[in-house]
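Colleague: A single structure is presented below for examination.
The values are calculated or read from the model by the stated rules, or taken from the named source; none is laboratory data. Everything numeric in this text was worked out from a predicted model, so none of it was measured. Backbone-built Cβ (ideal geometry, glycine too); neighbour counts: all protein chains shown.
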Amino acid sequence: MPVDATLPYDDQNIFAKILRGEIPNKTVYEDDFALAFHDINPQAPTHILVIPKGAYVSWDDFSSNAGEAEIAGFVRAVGKVAREAGYVEPGYRLLANTGPDSHQEVPHLHVHIFAGEPLGPMLAR
Ligand code: AMP
C-alpha cells in the first residue's frame, strides 16, 4: 500500500522495528544518525537503504522537522556508505520515494542507493 506521507509517524512500521532490533537486517553501516542495510528485494547488484535513526515518515517530514545535526549526519552517512562501497568513481543513484505517486511503501524515510552496473534511464516509461 503506498504511503500517505502526510500521516503521523507509525512506530510499528518495519524500519522502526529494524531500528529497535526486533527484525534482523544486513547492516552495512551505522552511526548516531543513520543505519544502512541491504534491501531485502534488491533492484540492482548493490541496493542499500539508508534510514535516519529519528522518527520521520518521509523526505518531506525530515526536511521540514529534523534538526541541523540530524540532517547533516544523515546526508553525510548516505555519502559515506556509497563512498566506502567504492561507488563514487563508477557512479550510483539515490532515490527517496515520498508519498503515493512515488510508490513509497514504508513510512519511515529511506534513501535507496543503487549501484554496481549501468543503471539505465532514470524512470521507466
Ligand atoms: P519504497 O517503495 O521506497 O518505500 O521502498 C521500500 C523498500 O524496502 C523496498 O525496496 C523493499 O524491498 C524494502 N524492504 C521492505 N522490507 C524490508 C526489510 N525487512 N529489510 C530490508 N528491506 C526491506
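Colleague: Would you confirm, using the coordinates I've provided, whether Asn41 is in a loop (DSSP other than H, G, I, E, B), modelled with pLDDT of 95 or more and either touching a Cys at 6+ places or on another chain (Cβ under 6 Å) or surrounded by fewer than 14 Cβ atoms within 10 Å (Cβ to Cβ) (or both)? Steps first, please.
Modeller: Values: in a loop (DSSP other than H, G, I, E, B): yes; modelled with pLDDT of 95 or more: yes; either touching a Cys at 6+ places or on another chain (Cβ under 6 Å) or surrounded by fewer than 14 Cβ atoms within 10 Å (Cβ to Cβ) (or both): yes.
Here the answer is yes, as Asn41 does meet what is asked.
Colleague: So, in region 36-78, how many residues would count as being more than 23 Å from Pro90 (Cα to Cα) and in contact with a helix residue (DSSP H, G or I) (Cβ under 6 Å, 6 or more places away or on another chain)? So that I can check it myself, show each step before the final result.
Modeller: Residues of region 36-78 more than 23 Å from Pro90 (Cα to Cα): 40, 51-73.
Adding the requirement that they be in contact with a helix residue (DSSP H, G or I) (Cβ under 6 Å, 6 or more places away or on another chain) leaves 51-52, 54, 56.
Qualifying residue count, region 36-78: 4.
Colleague: If a residue must be under 16 Å from Tyr56 (Cβ atoms) and free of Cβ contacts under 8 Å to residues at least 24 places away in the same chain, how many such residues does region 73-82 contain? Working first, answer last.
Modeller: Applying the first criterion (under 16 Å from Tyr56 (Cβ atoms)) to region 73-82 yields 73-75, 77-78.
Cutting the leftovers down to free of Cβ contacts under 8 Å to residues at least 24 places away in the same chain gives us 75.
Qualifying residue count for the region: 1.
Colleague: Let me ask something else. In region 93-106, what count of residues is obtained for those that are within 9 Å of the ligand (Cβ to nearest atom), more than 17 Å from Ala66 (Cβ to Cβ) and either part of a loop (DSSP other than H, G, I, E, B) or of a type in the set (Phe, Trp, Tyr) (or both)?
Modeller: The total comes to 5.
Colleague: Could you check Leu109 against (1) buried (at least 18 other Cβ atoms within 10 Å of the Cβ); (2) assigned to a helix (DSSP H, G or I); (3) of a type in the set (A, V, I, L, M, F, W, C) and say which number it fails?
Modeller: Among (1) buried (at least 18 other Cβ atoms within 10 Å of the Cβ); (2) assigned to a helix (DSSP H, G or I); (3) of a type in the set (A, V, I, L, M, F, W, C), the lone unmet condition for Leu109 is (2).
Colleague: Can you tell me which residue in region 10-38 is nearest to the ligand (Cβ to nearest atom), limited to those that are part of a loop (DSSP other than H, G, I, E, B), closer than 12 Å to Val106 by Cβ and in contact (Cβ under 8 Å) with a residue 40 or more places away in the chain?
Modeller: Asn13
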